[in-house]
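Enquirer: Pasting a structure here, questions to come.
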Ligand code: AMP
């Protein structure tokens, strides 16, 4: 059965899309730790990041770098925190999270409750910064 992220890539489930290319896709995390919390995934469904072949693995990080620069410009923060967890969704994803202090990366914290309008506005701001 396809993962929930494959369904997002295929447009079967809606997402607040930020960007995509032939191999990778970026969209807002629906349960964000911060405004602008974004997930970057390979379109190819692979469970574990270190099972990716070298080229696809490197390409994923390059794509994440581009998206991170756009998030930094769109969302005031000290830097973009990075996490790879994958315990919930078995489809490789990098969390990109605007942070100001180390505790902003605490996944045990309550997640933000954002409205559809807030998600859309955040996605638009980030997309505008992509070049
Ligand atoms: P983990 O697998 O532990 O790295 O966590 C998976 C992440 O995917 C969580 O932060 C979820 O909020 C996020 N997530 C799950 N389903 C969706 C979805 N349909 N759209 C956006 N983010 C999602």
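Enquirer: So which residues in the stretch 6-22 are in contact with a helix residue (DSSP H, G or I) (Cβ under 6 Å, 6 or more places away or on another chain) and within 11 Å of the ligand (Cβ to nearest atom), if there are any at all?
Expert: Within the stretch 6-22, 13, 15, 16 meet the criteria.
Enquirer: Between a residue in the stretch 79-92 that is under 16 Å from residue 45 (Cα atoms) and any residue that is part of a strand (DSSP E or B), which pairs come within a Cβ distance under 8 Å, given they are 6 or more apart or on different chains?
Expert: Going by the 8 Å Cβ cut-off, the qualifying pairs are 84/94; 84/95; 85/95; 91/41; 92/41; 92/42.
Enquirer: Do we have residue 45 as away from the ligand (no atom under 12 Å from the Cβ), over 21 Å from residue 7 (Cβ atoms) and either in contact (Cβ under 8 Å) with a residue 40 or more places away in the chain or not in a loop (DSSP other than H, G, I, E, B) (or both) here?
Expert: No.
Enquirer: Kindly check whether there is at least one residue in the stretch 85-103 that is farther than 18 Å from residue 5 by Cβ, at pLDDT 95 or above, assigned to a helix (DSSP H, G or I) and out of contact with any helix residue (DSSP H, G or I) (no Cβ under 8 Å at 6 or more places or on another chain).
Expert: Taking every residue of the stretch 85-103 in turn, at least one turns out to be farther than 18 Å from residue 5 by Cβ, at pLDDT 95 or above, assigned to a helix (DSSP H, G or I) and out of contact with any helix residue (DSSP H, G or I) (no Cβ under 8 Å at 6 or more places or on another chain).
Enquirer: Being part of a strand (DSSP E or B), more than 10 Å from the chain's Cα centre (by Cα) and in contact (Cβ under 8 Å) with a residue 24 or more places away in the chain is the filter here, so list the residues in the stretch 20-36 that pass it.
Expert: 24
Enquirer: Please work out if residue 65 is more than 16 Å from the ligand (Cβ to nearest atom), within 15 Å of the chain's Cα centre (by Cα) and assigned to a helix (DSSP H, G or I).
Expert: Considered against the rule, which asks whether it is more than 16 Å from the ligand (Cβ to nearest atom), within 15 Å of the chain's Cα centre (by Cα) and assigned to a helix (DSSP H, G or I), residue 65 comes out as yes.
Enquirer: Condition test on residue 67, is it crowded, with 18+ Cβ neighbours inside 10 Å, at pLDDT 95 or above and touching a helix residue (DSSP H, G or I) at 6+ places or on another chain (Cβ under 7 Å)?
Expert: no
The values are calculated or read from the model by the stated rules, or taken from the named source; none is laboratory data. Just so you know, these numbers come straight off a predicted model, no measurement behind them. Please note: Cβ atoms are built from the backbone with ideal geometry, for glycine as well, and neighbour counts cover all protein chains shown.
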